[in-house]
Amino acid sequence: MADVVLRPIDGSEFPAFYRVLAETFGEDPRDAEREAGQWVFEPDRSLAAFDRDSMVATGAIFSRDMTVPGGPRPVAGVTMVSVAPTHRRQGILTEIMRRQLTELYEQRREPVAALWASEGGIYGRFGYGLAARRGLLTARTADLRLRPGLDLGGGRIRLAGPEEARPHLVGVYEQVRGQQPGWLDRRDRWWDARLRDPEQWRDGATALRYALVAGEDGRVTGYAVYRIKPAWDSRRPDNEAQVLELAATTPQAYAAAWSFVANLDLVARVYKRIAPLDEPLQHLVVDPRAVRLEVLDGLWVRLADVGRALADRVYSADVDIVLDVTDDFCPWNAGRWRLSGGPAAAQCAPTRDTADLTLSSTDLAAAYLGGTTLASLAAAGRVGEVRRGALAVATRAFGADREPWCPEVF
């Protein structure tokens, strides 16, 4: 690091920034990806490493809100992290992570950071915990027989173009995201990026299609955004419906959206890259085995400021415990913290009282959204119970009604 300088870039340097990122990930720089990245890029929250005049590493933060138990809260979306192959294992990534987290804490910005990891073993050493998993959903449409008598509502489904569909997608998404841990806000530029659909991204599939679920009053209560990837064997069509996103404000609209996808003409298979582990589709069909979910890691969370982060969410049950927290990477988090709160509000402050639980800030981050339980971490030897019964109380308090998940990679 002796000759390497870290600093934010300005907008004019973004093409070079993107080129380092693309090449590090083994890709050729493409105009479509560069343009989409530049739409949401925040130069003042970027970091680039320069070895003399050459840019050799990148990192950035998106300013977003993420729903946690209690509602949407500010989150630092860490993204665009790369180190050129010529400068690996020289401490550059560590310095980028340290600089980001230190600034979040010292400038009292977002108390929580989150990211998607390219490799599962990278970010744990910087205090990120696996807070939300995802399911890779696949199914054969012939097996997706809906339960008899399932209520699909009394409305109808219609296809719409992207411009007509967009305000309806926004309306449904906004109603859902406030209740679903892990979902992010989408300002206009984020909807622009989410619905961008250049041909080189389709891998032989069609352009995006938009199915809107309307209730009896005509109000849109759900949607499915999908593509069709054509495939034919010697006897029959084997097309695949690739679902980018499916959301609804009512159980009936959710069932109707999935029913529509499962019954598309000439479609033999359904694929959804990101689905919740508690996907309701499993309970809408006669045979739950028809819905295959491969469990993968999803959102990784880091508590940049333990006290503010724990006070910034609510808890499923009343809790009053002392946490003895270790944190080698962000030492300001280390020490004992008294967390007291419940379904309405919470407080968290340093204390000298005797600890009830011992754990790292990484483990707290993994439990933060209510998915990874403190009890499961304790079973792995990562959480210690000092006061008998404290683990059960804390596990119930940190839990959430739904499995957290994030429907988009950022």
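Taken together, the values in this text are just the output of simple stated rules run on the coordinates, not laboratory data. Since the structure is predicted, the reported quantities are computational estimates derived from the model, not experimental observations. Every residue, glycine among them, receives a Cβ derived from its backbone with ideal geometry; neighbour counts consider all protein chains shown.
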* Using a Gaussian network for the chain with springs between C-alpha atoms less than 10 Å apart, which of these wobbles most: Ile96, Ile157, Ile61? -> Ile157
* Asked: Rounded to the nearest 0.05, what FRET efficiency is calculated for Leu266 and Val295 with R0 set to 25 Å and r the Cβ-Cβ distance?
  -> 0.25
* Structure fact -> Cα extents of the stretch 145-290 per principal axis, largest first, Å, are 46, 42, 29
* **Estimated vicinal HN-Hα couplings, Hz - the stretch 281-288 in sequence order (Karplus 6.51, -1.76, 1.60; Gly, Pro = x)** => 4, 4, 9, 8, 10, 5, 10, x
* **Using θ = phi - 60° and Karplus 6.51 cos²θ - 1.76 cosθ + 1.60, couplings along the stretch 50-57 (whole Hz; Gly, Pro as x)** => 10, 9, 6, 9, 9, 7, 10, 7
* Structure fact -> The distance between the Cα centres of the stretch 301-335 and the stretch 346-371, in whole Å, is 4 Å
* Given the stretch 305-398, what percent of its DSSP beta bridges are antiparallel, to the nearest 5? -> 80 percent
* Asked: So who's got an amide H within less than 5 Å of the one on Asp278, skipping anything under 5 residues away but keeping other chains? H placed 1.01 Å off N, in plane.
  -> Glu403
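How big is the charge dipole of the stretch 145-290 about its Cα centre, in debye rounded to the nearest 20, if each Lys and Arg gets +1 on its Cβ and each Asp and Glu gets -1 on its Cβ? Intermediate values should be presented prior to the final figure.
On the way: 22 positive and 20 negative charges, 47 e Å.
Dipole size: approximately 220 debye.
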* the stretch 238-263 to the stretch 79-122: how many Å between their Cα centroids? -> 36 Å
* **Debye intensity ratio in log₁₀ form over the Cα atoms of the chain, taken at each q of 0.09, 0.12 Å⁻¹** => -0.62, -1.05
* **About the Cα centre, charge dipole magnitude for the stretch 302-391 (Lys/Arg +1, Asp/Glu -1 at Cβ), debye** => 20 debye
* **Among Gly11, Gly399, Gly370: highest mean-square fluctuation, GNM of the chain, C-alpha pairs under 10 Å** => Gly11
* **the chain, dipole about Cα centre (Lys/Arg Cβ +1, Asp/Glu Cβ -1), debye to the nearest 20** => 720 debye
* Could you please tell me the mean projected area of the C-alpha convex hull for the stretch 329-410, averaged over all directions and given in square nanometres to one decimal? => 6.9 nm²
